[in-house]
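Any read-out appearing in this document is the output of simple, stated calculations on the displayed coordinates, not a laboratory observation. Note that this is a predicted model, so its numbers are computed, not measured. Backbone-built Cβ (ideal geometry, glycine too); neighbour counts: all protein chains shown.
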Ligand SMILES: *[C@@H]1O[C@H](CO)[C@@H](O)[C@H](O)[C@H]1NC(C)=O
């Protein structure tokens with residue numbers, strides 16, 4: 001029993017460490033188009049946590065597409081990259097606010113792709 005839980009812990013640690021922190025929600029289907037695609041890169045500073053807010057549509061712009069899918073790809077494959085989260089809006093809505101947060105001392109390197117339908 002004890003050996004088993006240790007083994008499970010090791011597996012979990014292996015899954016959590018050494019992997020990129022991708023976030024994908026929703027599902028793009030036939031007829032959906034890419035309405036937003038951008039790289040967000042920030043270099044790390046020692047002891048600092050870096051954050052980025054990505055808004056779609058960009059402030060001051062109007063958007064008529066419904067969001068169908070959001071793919072946030074962490075380009076740091078070794079797990080040193082930041083963590084993405086959705087702080088407002090999202091699937092089925094016409095806007096989304098995405099927050100990217102680095103690890104302390106780390107940088108950010110994400111590719112954000114949003115699919116929508118008009
Ligand atoms: C970010 O990721 C891209 C794709 O893997 C890579 O080409 C680029 O060099 C990275 N940029 C930084 C600053 O790490």
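Below are the figures for this structure:
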| quantity | calculated |
| --- | --- |
| Residue of 101, 37, 68 that the Gaussian network model of the chain assigns the largest fluctuation, springs spanning Cα pairs under 10 Å | 37 |
| Degrees separating the helix 2-16 axis from the principal Cα axis of the chain, which is the longest one | 40 degrees |
| Spatial separation of Cα centroids for segment 93-118 and segment 59-88, in angstrom | 2 Å |
| Gaussian network model of the chain, Cα within-10 Å springs - most flexible of 53, 70, 98 | 53 |
| Prolate/oblate/rounded label for segment 27-81 (Cα gyration tensor, a/c 1.5) | oblate |
| Label-point gap, in nm, between residue 91 and residue 55 - each point 7 angstrom along Cα→Cβ | 2.5 nm |
| Tensor-based shape of the chain (alpha-carbon gyration tensor, a/c under 1.5 rounded, otherwise prolate or oblate) | oblate |
| The chain - mean residue ellipticity at 222 nm from DSSP helices (-39,500 (n - 2.57) per run, n ≥ 4, rounded to 500) | -4000 deg cm²/dmol |
| Top of 18, 31, 79 by mean-square fluctuation, Gaussian network on the chain, Cα under 10 Å | 31 |
